[in-house]
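Please read the structure below before turning to the comments.
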Amino acid sequence: MVANKSLAMYAYYRPINNNYIFAAPNKVYDAINIQKKILMNEECKATDIPGKLGLLLSAPYGSVDGIVSNIIELFSENELTLDKKLSIQKEFDEKYSWPVMERKWATLFGLAKERLKETD
């Protein structure tokens, strides 16, 4: 995966509609999986997860100063420690791995299906 060789993931989306505001879960998932920082605009709702794990660098969309500041911080930081990487991997496995998310999605879709039946 090319992302493994990168310094960070980048996910900036112009917050003009819900599709962009709720964007980036694939990049978030990848960043957590490979324990890389992710640069995201703070309007994206998916910033919570990498933020809790210490992987998020964010700024308001369009803030050149904010992006520059994040890039400077990214280059000035040391590599994540092995303990931190293991902690992130553990969190990923317990909360966001495919088997866990598959159950969550199945539950969500099951509830949606039941609600649709109720309205028929």
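The values are calculated or read from the model by the stated rules, or taken from the named source; none is laboratory data. The shown structure was predicted, so the numbers you read here are calculated from the model rather than taken from an experiment. Note that each Cβ is placed from the backbone with ideal geometry, even for glycine, and that neighbours are counted across all protein chains shown. Surface areas here come from the heavy atoms of the whole protein model, side chains and all, with no ligands, DNA or RNA. Shrake-Rupley method; radii C 1.70, N 1.55, O 1.52, S 1.80 Å.
List of remarks:
- In the stretch 31-45, the residues that are closer than 13 Å to Y10 by Cα, open to solvent by 20 Å² or more (accessible area, probe 1.4 Å), free of Cβ contacts under 8 Å to residues at least 40 places away in the same chain and in contact with a helix residue (DSSP H, G or I) (Cβ under 7 Å, 6 or more places away or on another chain): K36
- Identity of the residue in the stretch 57-74, more than 17 Å from the chain's Cα centre (by Cα) and part of a loop (DSSP other than H, G, I, E, B), that ends up surrounded by the most Cβ atoms within 10 Å (Cβ to Cβ): S63
- The one condition in (1) part of a strand (DSSP E or B); (2) modelled with pLDDT under 85; (3) among the aromatic types (F, W, Y) that Y10 fails to fulfil: (2)
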